[in-house]
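Asker: Structure provided below as structure tokens; questions to follow.
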Amino acid sequence: EDTQAQRVIANVRERQRTQSLNDAFAELRKIIPTLPSDKLSKIQTLKLAARYIDFLYQVLQSDQLDHKVTSCNYLAHERLSYAFSVWRMEGAWSMSASH
């Protein structure tokens with residue numbers, strides 16, 4: 001009986017952990033610009049997030065955006081999302097995925 005109670009508690013904790021992890025991935029998927037065709041697994045989401053961070057770093061290093069739009073606002077986010085999508089479609093995604 002004690003073992004069964006411990007098992008039930010462990011199962012509840014595992015369901016809560018899994019739900020928390022799924023919620024975190026859902027939030028991450030909201031942030032990462034995606035293509036309409038994207039249906040990302042968790043590992044694909046993590047890899048794409050890493051590529052997006054690398055892309056943002058490259059944008060900051062090259063200073064491609066004019067200084068008026070680099071503040072954290074909707075327009076800057078839209079421009080970065082678009083640029084990231086173009087970057088992915090041009091093949092930079094597959095070339096840098098081997099890092």
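Nothing in this text is a laboratory measurement; each read-out follows from the coordinates by a stated rule. All figures in this text were calculated on a predicted structure; none of them were measured in a lab. We place every Cβ from the backbone using ideal geometry, glycine too, and count neighbours over all the protein chains shown.
Asker: Can you work out the FRET efficiency for the pair Ile9 and Lys42, with r the C-beta to C-beta distance and R0 = 25 Å, to the nearest 0.05?
Answerer: 0.45
Asker: Still on this model: Once Rh is set to the Kirkwood radius over Cα pairs, what Stokes-Einstein translational diffusion coefficient, in µm²/s, holds for segment 1-89 at a temperature of 10 °C and a viscosity of 1.306 mPa s?
Answerer: It diffuses with D of about 101 µm²/s by this estimate.
Asker: Please compute the length gained on full extension between Ala83 and Phe25, using 0.36 nm multiplied by the number of residues separating them and subtracting their Cα-Cα distance. List each step's numbers first, then the result.
Answerer: Numbers: separation 58, 0.36 × 58 = 20.88 nm, distance 2.27 nm.
Taking 0.36 nm per residue and subtracting the Cα distance, the gain is 18.6 nm.
Asker: Going by average Cβ density within 10 Å per residue, which order do the peptides 20-31, 45-56 take, highest to lowest?
Answerer: Values: 20-31: 11.5, 45-56: 16.4.
Averaged packing, sorted descending, gives the order 45-56, 20-31.
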